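Here the structure is laid out as structure tokens; the discussion comes afterwards.
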Amino acid sequence: MYVVILGAPGAGKGTQADILSQQMNLPHIASGDLFRQALQEKTEVGLLAKSYMDKGELAPDEITIRMILERIDKPDCASGCLFDGFPRTLHQAEVLDKAFKEQGKSIDKAIYIEVPSEELVKRLSGRWLCRNCQTPYHAISSPPKVPGKCDKCGGELYQRSDDKEETVKERLKVFFAQTVPILDYYEKQNKLARVNGNLGIQGVASEIISVLGAETK
């Protein structure tokens with residue numbers, strides 16, 4: 001089963017993909033992880049992506065798509081995988097479908113984790129990281145015992161520039177502008193399922209598993 005997991009930054013895509021990956025025994029393909037790995041290994045695709053990132057630009061669709069297609073060509077993806085953070089644009093969704101069609105495959109389901117914008121801003125702008133050990137904290141849901149200090153190593157906590165409220169709002173604006181056409185695209189194919197992302201981690205996971213379970217019956 002090939003499943004696309006969609007959701008705004010802060011919706012919990014990665015967490016849900018991890019849970020599903022273990023429960024369904026399917027590889028979790030996160031575009032962000034692939035980029036980091038390609039950069040680390042200095043692959044041809046990684047160096048191409050780096051040339052854009054060094055200029056503060058997003059890597060073009062062609063590079064992202066090439067990296068994804070190389071990954072799903074590996075044997076562990078032969079019977080399915082979970083896409084997290086891909087496709088990000090309508091063009092990526094169309095190219096993925098075309099590549100799959102040539103291999104006699106198709107996307108079975110696209111899951112959209114819906115979370116209201118106000119909640120996303122609250123989740124993202126409350127995130128803090130330890131400068132030393134990178135342990136994550138949240139001002140509301142998991143605050144440190146001592147404000148500004150890491151519970152584990154006593155390191156200073158800092159907020160990433162893209163987690164500041166104004167930046168978060170801008171990121172969300174870009175996300176929704178790009179994502180609405182993708183939702184329409186999968187909806188027209190009767191493949192889209194919307195899941196309430198405000199049910200807590202296990203609640204959301206149960207909803208998704210229930211949707212996918214119905215799909216396999």
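A short reminder: the numbers here are calculations on the coordinates, not readings from a lab. All figures in this text were calculated on a predicted structure; none of them were measured in a lab. Positions of Cβ are backbone-derived with ideal geometry, glycine not excepted, and every protein chain shown enters the neighbour counts.
Here are some notes:
- In straight-distance terms, cross-link reach from residue 188 covers every one of the aspartates and glutamates whose alpha-carbon lies under 16 Å from its own, apart from those fewer than eight places away in the same chain; here that gives 94, 97, 108.
- Size descriptors for region 98-217 (Cα atoms only): Rg and Dmax, in that order, 18.7, 56 Å.
- Among 89, 64, 135, residue whose mean-square fluctuation peaks in a GNM of the chain (springs only between Cα atoms under 10 Å): 135
- Candidate lysines - alpha carbon under 29 Å from residue 152, same-chain residues fewer than 8 apart omitted: 13, 122, 164
- If R0 is taken as 41 Å, the Cβ-Cβ distance between residue 69 and residue 139 corresponds to a FRET efficiency of 0.55.
- Using a Förster distance of 41 Å, the FRET efficiency for residue 50-residue 196 (Cβ separation, nearest 0.05): 0.60
- Take the Cα of residue 189, go 7 Å toward its beta carbon, and the backbone nitrogen atoms of region 84-114 under 13 Å from that spot belong to 87-111.
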